[in-house]
Amino acid sequence: MIGEVIFVNKRFSFITSNDNTKYFVRSKNMLTACDKDIVDFSILKGDEVIVNKIITRNTDEFVGVIENSKNFSFVVLDKVLKDVYIKKKNSLNSKNYDLVKIKIYDWGNRNKSPEAKVIKNYGNTLKAENVVSSKIEALNIPHKFSKEVLTEVDNLTITKEKRVDLTSLYHVTIDGSDTKDMDDAVYLEKKDYGYYLVVSIADVSSYVKKDSLIDKEAYTRSNSVYLYDRVIPMLPQRLTNDLCSLNPNEDKLTLSVIIKYDDNGNVISSDIVRSKIRSRHKLTYEGVNEILNNDIRDFEYSDMLFNMQELSEKLTILSKKEGL
């Protein structure tokens, strides 16, 4: 039968056949198969099988830690059965315990270890940024945009359409102190009837059209990836940090939710509009908490922030009453 390997550990794995039946396979019966390899296999007994041959390799590149001896080096990998042998001439001058990417050129057999060459050295494992860089590649997280996608971004044109002009409202963004892409902004005003709230988010659809190269790339990535020292964006930086970032004192195209609440937080009316706004200030979570916790009233946007807190508390009470 034909199936795909699900590597568990160096003692056993599973193989899923084309009809989605799962079979157990001991490591001694795996040949040199690795995770997600397509293999030809036969049943030994019950649901236990043996691999006859590897049909298609999922990959021949892996990331691991190199260990050097006097005459050779080796890399221990979680999802390769045996330690991978590296000749000195193929070690790329890697130092002991460096993180490296290797390419296996000889998979060996039951009695012989695989052989590989180092194709990239990330550096010492004690540096967190090296570990992060290696994980990005090991997990195949797309982190570079093609020349074609970047060219399409450079040539973007905006669809002309009627928009509600909300630039006179004093929107503010509230994000982390190191955030570079501000994609939403808020405005709140106390009214005789209660509260007038506007929540605006960058209208990416004004720039990214369906089935464009940018759209297909974003679909493939699905989301941005946030790591401790960097962000791998779903969209190119010209979009995330410029065109679609609600930077202070710049007119931006947005989608806005406009909600009127009564004094108890009940919705009177709501609407969603294509809009244009101008954020007036980049606030941070830390800064807003300092204002609210220390009752600072002399900041330009203090009144709006305290009104937001007041409405938030009322909405929380209503949500709890509804069991949310």
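The values are calculated or read from the model by the stated rules, or taken from the named source; none is laboratory data. Here the structure is a predicted model, which means the values were calculated and not measured. For neighbour counting, all protein chains shown are included, and Cβ atoms are generated from backbone atoms with ideal geometry for every residue, glycine included. Protein only, heavy atoms only, side chains kept; ligands, DNA and RNA dropped before computing areas. Shrake-Rupley method; radii C 1.70, N 1.55, O 1.52, S 1.80 Å.
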Residue check for residue 161: in a loop (DSSP other than H, G, I, E, B), within 30 Å of residue 271 (Cα to Cα), open to solvent by less than 80 Å² (accessible area, probe 1.4 Å) and not basic (Lys, Arg) | yes
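Could you tell me whether the stretch 104-120 includes any residue that is assigned to a loop (DSSP other than H, G, I, E, B), closer than 30 Å to residue 19 by Cβ and within 33 Å of the chain's Cα centre (by Cα)?
Within the stretch 104-120 (the criterion being assigned to a loop (DSSP other than H, G, I, E, B), closer than 30 Å to residue 19 by Cβ and within 33 Å of the chain's Cα centre (by Cα)), the answer is yes, since at least one residue qualifies.
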Of the residues 132, 63, which single one is open to solvent by less than 80 Å² (accessible area, probe 1.4 Å) and either part of a strand (DSSP E or B) or within 29 Å of residue 29 (Cα to Cα) (or both)?
-> 63
Of 312, 319, 256, 279, which residue is in contact with a His (Cβ under 6 Å, 6 or more places away or on another chain) and not in a loop (DSSP other than H, G, I, E, B)?
-> 279
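Across the stretch 39-54, what is the number of residues that are over 17 Å from residue 8 (Cβ atoms) and in contact with a Lys or Arg (Cβ under 8 Å, 6 or more places away or on another chain)? It would help to see each step written out before you state the result.
So the first thing to find is which residues in the stretch 39-54 are over 17 Å from residue 8 (Cβ atoms), and the list is 40, 42-46, 52-54.
Applying the additional criterion that residues be in contact with a Lys or Arg (Cβ under 8 Å, 6 or more places away or on another chain) yields 40.
So the answer is 1.
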Of the residues 176, 194, which single one is touching a residue at least 40 places away in the same chain (Cβ under 8 Å), at positive phi and open to solvent by less than 40 Å² (accessible area, probe 1.4 Å)?
-> 194
What is the number of the single condition among (1) open to solvent by 70 Å² or more (accessible area, probe 1.4 Å); (2) modelled with pLDDT of 95 or more; (3) of a type outside the set (A, V, I, L, M) that residue 40 does not meet?
-> (1)
Restricting attention to the stretch 46-60, which residues are assigned to a strand (DSSP E or B) and open to solvent by 50 Å² or more (accessible area, probe 1.4 Å)?
-> 52, 53, 55, 56
Within the stretch 219-241, considering residues that are among the hydroxyl-bearing types (Ser, Thr, Tyr) and within 8 Å of the chain's Cα centre (by Cα), the one least open to solvent (accessible area, probe 1.4 Å) = 224
Taking the stretch 68-111 and keeping residues more than 28 Å from residue 29 (Cβ to Cβ), out of contact with any helix residue (DSSP H, G or I) (no Cβ under 7 Å at 6 or more places or on another chain) and of a type in the set (D, E, K, R) leaves 70, 87, 88, 89, 95, 98
